[in-house]
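The values are calculated or read from the model by the stated rules, or taken from the named source; none is laboratory data. Predicted model only: the values in this text are computed from it and were never measured. FYI the Cβ positions are ideal-geometry reconstructions off the backbone, even for glycines, and counts take in every protein chain you see.
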């Protein structure tokens, strides 16, 4: 039986899954004699905050600043994000910990790949993957691939040179691009490359003293040259073809890249724990409104997406006794009617239950008939701010 089926058959609540995650982290720490930090984003959910951001840096800083240990293992799942945020996180953890291993069992793409390359060790399961190095840049209202943007502009430049003009749509799009914007995209790509070239010799190659085959002493110049070769290969989009391409252990250990990867699957006990951590994160992402997880064996912070629906109904012109809200399940689409009391009046409960409404849940968690858990913390805050009163539960 697969781990996903095992956990589904156990019919664990979201709270039990959260407790299981912390238990697994503690067990991992005992085996590895380290301090594991789990950082995972719900890749695939259409939420703008899923990529790495500066807000993530502040959370990582807050959760690790009081840890007084030498070793840190950093489990990471991310589609990419801000290179500046990666630089801040790496600067902080490298100043604080002597030895850092990155653990990859899902996807650590783009900026996530850059971050992984700052480690002393890279530990990967067979399901884990890195991705081509790229930069995410904001153009207008969208965050897009810097390489893809430059490639599109170059394509239009060649097209205009060949036929003498562009079609009206492309011409309008190109006309909106400023020189400063284009320069910024090129700088973003160079910044990503510079981070890799800086970090690989300093950390991953710090104990590389003799070449494997010819047994030649390794100089700092050789380390820098090797780092440049690896950066160029990971930025070779002509080879990888896609921003989302998975680069597996075999690719990373190939002759062209030549990185040393620690294979987690070689240790049956440790790999079972890592796969379980990955599975629990996936279950929390698919079964709740959680879209980003920060966790250690002692504490956790889950970012939740507030369900979109009609605003709470709060009577105007007087101090209200109750607020009404409709919550739509993101998974099955069922609409739930909820009421929130501001006074301890049993008649309110009787009236609203007769209408088919449910009282505001004590733990801010609404369990839909389909099993999906909806976090109502954001709705609770909105009701209390708008009404100026505390909900009585």
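What to note about this one:
- Any chance residue 206 is touching a residue at least 12 places away in the same chain (Cβ under 8 Å), outside any helix (DSSP H, G or I) and under 25 Å from residue 111 (Cα atoms): yes
- Region 52-71, subset outside any helix (DSSP H, G or I) and within 14 Å of the chain's Cα centre (by Cα), residue farthest from residue 270 (Cα to Cα): 53
- Exclusive hit being surrounded by fewer than 22 Cβ atoms within 10 Å (Cβ to Cβ), in the same structural domain as residue 289 (by TED's automatic domain parsing) and more than 20 Å from residue 373 (Cβ to Cβ), set 28, 35, 39: 35
- Flag for residue 122 being modelled with pLDDT of 95 or more, in the same structural domain as residue 205 (by TED's automatic domain parsing) and within 16 Å of the chain's Cα centre (by Cα): no
- Failed item in (1) assigned to a helix (DSSP H, G or I); (2) touching a residue at least 12 places away in the same chain (Cβ under 8 Å), with residue 385 passing the rest: (2)
- Any hit, region 130-139, residues being assigned to a helix (DSSP H, G or I) and either closer than 30 Å to residue 220 by Cβ or at pLDDT below 75 (or both): no
- All positions within region 362-389 that are modelled with pLDDT of 90 or more and closer than 17 Å to residue 321 by Cα: none
- Region 72-87, residues that are surrounded by fewer than 24 Cβ atoms within 10 Å (Cβ to Cβ), part of a helix (DSSP H, G or I) and within 14 Å of the chain's Cα centre (by Cα): 85
- Residue selected from region 88-114 under the condition assigned to a helix (DSSP H, G or I) and in contact (Cβ under 8 Å) with a residue 60 or more places away in the chain, by the criterion surrounded by the fewest Cβ atoms within 10 Å (Cβ to Cβ): 94
- Exactly one residue out of 22, 52 is surrounded by 14 or more Cβ atoms within 10 Å (Cβ to Cβ) and closer than 19 Å to residue 276 by Cα, and it is 22.
- Here residue 49 clears all of (1) part of a helix (DSSP H, G or I); (2) out of contact with any strand residue (DSSP E or B) (no Cβ under 6 Å at 6 or more places or on another chain); (3) in contact (Cβ under 8 Å) with a residue 12 or more places away in the chain except the condition numbered (1).
- Tallying residues that are at pLDDT 95 or above and in contact with a helix residue (DSSP H, G or I) (Cβ under 6 Å, 6 or more places away or on another chain) within region 4-26 yields 3.
- Residue within region 199-211 that is surrounded by 15 or more Cβ atoms within 10 Å (Cβ to Cβ), within 17 Å of residue 112 (Cα to Cα) and in contact with a helix residue (DSSP H, G or I) (Cβ under 6 Å, 6 or more places away or on another chain) present: yes
- Screening region 256-349 for strands (runs of 3 or more DSSP E) wholly inside it with 2 or more residues that are surrounded by fewer than 20 Cβ atoms within 10 Å (Cβ to Cβ) returns the ranges 300-304, 322-328, 335-341.
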